[in-house]
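The values are calculated or read from the model by the stated rules, or taken from the named source; none is laboratory data. Just so we're clear, the structure is a prediction, and the values are computed from it rather than from any experiment. When we count neighbours, we look across all protein chains shown, and the Cβ atoms used for this are built from the backbone with ideal geometry, even at glycine.
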Amino acid sequence: MTLKTYAATAALAIAMVATSAAADTFRFELNGTHRAVWTIDTATPVTEYADGEFASYGAVIGNFSDLPGFSPASNYVAQIDFYTTAGTLEGGFYIDDFFGRTAGETERPILTTNGPSVITGPTSAPTFLTGYYVFTATNATQDPYSLTISAVPEPSSWAMMLSGFGLIGAALRRRAKQATTRLA
């Protein structure tokens, strides 16, 4: 290997260490009797409640139109509370049509579920657990729902991955060119 190859490898290693690969945005897909899809950016402020039982995200943008009772006037914005295992709630989540409330309404619940807690850490700065979870609606029919949570890669992660593919392609091309040169 040449000095240029060592220098390029060292530069790439430093760039990979200096770049954070942690996701701040999470995608949620709810399936069951009704369907909804939304994203939450964990860099946005969360409302913490003193009892530590749940974290509330206001102005969550997504497609909630399939949920019964969700108001089209809300422009696909909801308030979502995620329950911890502290206290009596023991996990689950709650979707409220916050912007579809009429005068005098303090709540407009669309879906309340029981199930595992999908957040960890303090409720002032919770971290979402990615994966597939099963919940039960608290309505009379107790409809089952599944919730898939996945991390959305940051642009820097995509850039690092694409640059890695480019370096691999360049190395393969160089090797192929050297093999052709030797044959001639």
Legend entry - Members of region 130-145 found to be under 20 Å from the mean Cα position of the chain (by Cα) and farther than 19 Å from residue 79 by Cα, listed by number: 130, 131, 132, 133, 134
Inset, instruction - Being assigned to a strand (DSSP E or B) and either modelled with pLDDT of 80 or more or out of contact with any Gly (no Cβ under 7 Å at 6 or more places or on another chain) (or both) is the filter here, so list the residues in region 43-70 that pass it. - result: 48, 54, 55, 56, 57, 58, 59, 60, 61, 62, 63
Inset, instruction - Kindly indicate which of 73, 11, 7 is among the small types (Gly, Ala, Ser), in contact with a helix residue (DSSP H, G or I) (Cβ under 7 Å, 6 or more places away or on another chain) and either modelled with pLDDT under 75 or part of a loop (DSSP other than H, G, I, E, B) (or both). - result: 73
Inset, instruction - Hey, could you check region 133-165 for residues that are without any contact (Cβ under 8 Å) to a residue 24 or more places away in the chain and touching a strand residue (DSSP E or B) at 6+ places or on another chain (Cβ under 7 Å) and say which is surrounded by the most Cβ atoms within 10 Å (Cβ to Cβ)? - result: 133
Legend entry - Subset of region 89-103 (residues that are in contact with a Phe, Trp or Tyr (Cβ under 8 Å, 6 or more places away or on another chain) and in a strand (DSSP E or B)): 93, 94, 95
Inset, instruction - Starting from residues that are of a type in the set (A, V, I, L, M) and assigned to a loop (DSSP other than H, G, I, E, B), keep the ones in region 104-150 and report whichever is modelled with the lowest pLDDT. - result: 140
Inset, instruction - Out of the residues in region 76-91 that are modelled with pLDDT under 70 and out of contact with any Gly (no Cβ under 8 Å at 6 or more places or on another chain), state the one that is surrounded by the most Cβ atoms within 10 Å (Cβ to Cβ). - result: 89
Inset, instruction - Any residue in region 118-132 that's closer than 14 Å to residue 93 by Cα and crowded, with 20+ Cβ neighbours inside 10 Å: show its pairings with residues that are among the aromatic types (Phe, Trp, Tyr) and at pLDDT below 80 at Cβ separation under 9 Å, as long as the two are six or more apart or on different chains. - result: 123/49
